[in-house]
Amino acid sequence: MNAWLETTRIVLFLITPRLLTIAMIFALLIGALSGLYPAYRASKMSPMEALKHA
């Protein structure tokens, strides 16, 4: 679609290095938080209780 729109001088998708960097940092933060929260909760439980919920 972007190649077709180039004929009308409209850029629909512009992927820049800055956009890629921000997207990677955002994805890493979300992934780290979504992994650390359950690990933190499990660390507060007894090992048998944590395994029961796994």
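The values are calculated or read from the model by the stated rules, or taken from the named source; none is laboratory data. What you are looking at is a predicted structure, and each value in this text was computed from that prediction instead of being measured. Because the Cβ atoms are built from the backbone with ideal geometry, glycine has one as well, and the counts that use them run over all protein chains shown. Surface accessibility is based on the protein's heavy atoms, side chains included, excluding ligands, DNA and RNA. Shrake-Rupley method; radii C 1.70, N 1.55, O 1.52, S 1.80 Å.
For Phe26, the accessible surface of its heavy atoms amounts to roughly 130 Å² (probe 1.4 Å, protein chains only, rounded to the nearest 10). The trypsin sites (Lys or Arg not before Pro) of the stretch 1-42 meeting both criteria, a DSSP state outside H, G, I, E and B (loop) and at most 16 other C-beta atoms within 10 angstrom of the site's C-beta, are Arg9.
Over all pairs of different C-alpha atoms, the chain has a mean inverse distance whose reciprocal, the Kirkwood radius, equals 14.8 Å. Relative to the dominant Cα principal axis of the chain, helix 17-43 is inclined by about 10°.
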